[in-house]
Structures are given as structure tokens and as C-alpha cells.
1. How many residues, within the stretch 113-160, are part of a loop (DSSP other than H, G, I, E, B) and in contact with a strand residue (DSSP E or B) (Cβ under 9 Å, 6 or more places away or on another chain)?
2. Tell me the residue from E140, E153 that is over 23 Å from D2 (Cβ atoms) and either at pLDDT 95 or above or open to solvent by less than 40 Å² (accessible area, probe 1.4 Å) (or both), please.
3. Return the residues of the stretch 122-142 that are closer than 29 Å to R188 by Cβ and over 14 Å from the mean Cα position of the chain (by Cα); say none if nothing qualifies.
4. Failed condition for H31, given (1) open to solvent by 10 Å² or more (accessible area, probe 1.4 Å); (2) in contact with a strand residue (DSSP E or B) (Cβ under 9 Å, 6 or more places away or on another chain); (3) assigned to a helix (DSSP H, G or I), with all others met?
5. Name, by its number, the condition in (1) closer than 20 Å to R180 by Cβ; (2) in a loop (DSSP other than H, G, I, E, B); (3) acidic (D, E) that does not hold for E163.
6. With respect to K53, determine if the residue is among the basic types (K, R), more than 18 Å from the chain's Cα centre (by Cα) and either within 30 Å of I8 (Cβ to Cβ) or outside any strand (DSSP E or B) (or both).
7. What is the one condition in (1) of a type in the set (D, E, K, R); (2) within 15 Å of L139 (Cα to Cα); (3) not in a strand (DSSP E or B) that K195 does not satisfy?
8. Go through the stretch 57-83 and give me each residue that's part of a strand (DSSP E or B), open to solvent by less than 60 Å² (accessible area, probe 1.4 Å) and not small (G, A, S).
Amino acid sequence: HDALLNMIGSELRTVVDIGANRGQFALAARHHAQRARIIAFEPLEEAAAVFTKVFQSDPGVELHRCAIGSKQAELEMHVSRADDSSSLLPISDLQRQLFPGTQEKDTRRVPVTPLDAALFPSQIQAPALLKIDVQGYELEVLKGSAMLLGCFEFLLVECSYKELYTGQALADEVLSYVDRAGYKLAERGNLVRDKNGEPIQADFFFRRN
């Protein structure tokens, strides 16, 4: 993500990081977008604890310990041995085959809220970036963010071409939703392919039309 953040970082005033994990993306965002306020969401307590420690001296970063979805609920999180592969959807056999070590180790209930209910438009100073990395739950996040999408100049969404999580929306469905919401695909990066050369997943960067 460094090249992308290097390109737009200096202009960003708000970064909303959904699926923040231990702060990997937020650290890169802070490096390139030094004036931006970072608002992060991470439901897993172990990852959130690391995130909090990393940013404890940065008053411009805030963390909400919940997941984002299309409706208010308490849902089962499928916790992967590699915690950044955890999902609100069941981990598929294909995910485990393609990415060894990502099998489920336990499940736990986590709070889920729409972004529309978690933030006010006044909290999102433009230009703003919405980053979504939620292991197959992207479309649900977008549906729960519908009222706020107009606040974001940029979207960065990880999408899959294959069903890595049971019941997930694949890339074409997510891209179609984002297109209807008024965004244009600007770039595709971090493309991962299987041993046959077929695409598995990628990061998609959008600009608002």
C-alpha cells in the first residue's frame, strides 16, 4: 500500500480503517498521511491490544473495538490461526489450501455495527479514504456504509476472485456495487495468483467520480 499512500497521503485528512488488525495499514497511513485523523475498527481483542499499544502516544488515532457490517448485531467471528485471516464468514477449504496456517482455531461472539451508526459525516474531514480489509465481508461493510460513502474521495478494498470464505461476495459483485455508488476503479494492486496463474485476490483502489 506504500506506493498508493505515497501518492495520496499528503492530501488525506481522514483515514477510516476497517479491519485494522494490529495496525499494519494504520502505521503506513500515518507515515504517509501525517496530518490525517485515523479512525480504526478491529473486533479481536488480541489484535486490538497491540494496535492500542502501537498508537498509545498518537492522539490522532482512535480505535473502535467492533466489526462493521450491514446491521447491528452480535455475530460469530471465525478466528484463524493467522489472526488477520479471521472472518465473520466460515473459512473455506480453499482458503486453507491456498494459505496454509489460516485454519479456524476458535469462534467468538463480537459486536457488529454499520459504519453509518458508528460515525457522523462531520467526523470525516475531506479528502478521506475508506480502507476495507475484512476477509470476504466487504459487501456487507459497504452496505452498512451507504449513507457515508459520499464523504469519501477514495476507497481501498481487498476483494477475492474465488470463494475463500463461505458465502462471500466475489470481486465482480463488490466492484459492481462500488461502481453504482459513484466510484471509478483507478488501480488494482497486490494481485495474488494460484499455482495455475489464476487470480485469487487483489486490492482495488477507487476514486469518486
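The values are calculated or read from the model by the stated rules, or taken from the named source; none is laboratory data. Quick caveat: nothing in here was measured; it's all calculated off a predicted structure. Cβ placement follows ideal geometry from the backbone for every residue including glycine, while neighbour counts extend to all protein chains displayed. For the accessible areas, the whole protein counts, side chains as well, though only heavy atoms, and no ligand, DNA or RNA atoms are used. Shrake-Rupley method; radii C 1.70, N 1.55, O 1.52, S 1.80 Å.
1. The qualifying residues number 16.
2. E140
3. Within the stretch 122-142, I124, Q125, A126, P127, A128 qualify.
4. (2)
5. Single failed check for E163: (1).
6. Spelling it out, K53 is indeed among the basic types (K, R), more than 18 Å from the chain's Cα centre (by Cα) and either within 30 Å of I8 (Cβ to Cβ) or outside any strand (DSSP E or B) (or both).
7. (2)
8. Within the stretch 57-83, the subset part of a strand (DSSP E or B) is 61-64, 67-68, 73-80.
Of the ones still in play, those that are also open to solvent by less than 60 Å² (accessible area, probe 1.4 Å) are 61-64, 67-68, 73, 75, 77-80.
Once the filter is applied, which keeps residues that are part of a strand (DSSP E or B), open to solvent by less than 60 Å² (accessible area, probe 1.4 Å) and not small (G, A, S), the stretch 57-83 yields V61, E62, L63, H64, I68, L75, M77, H78, V79.
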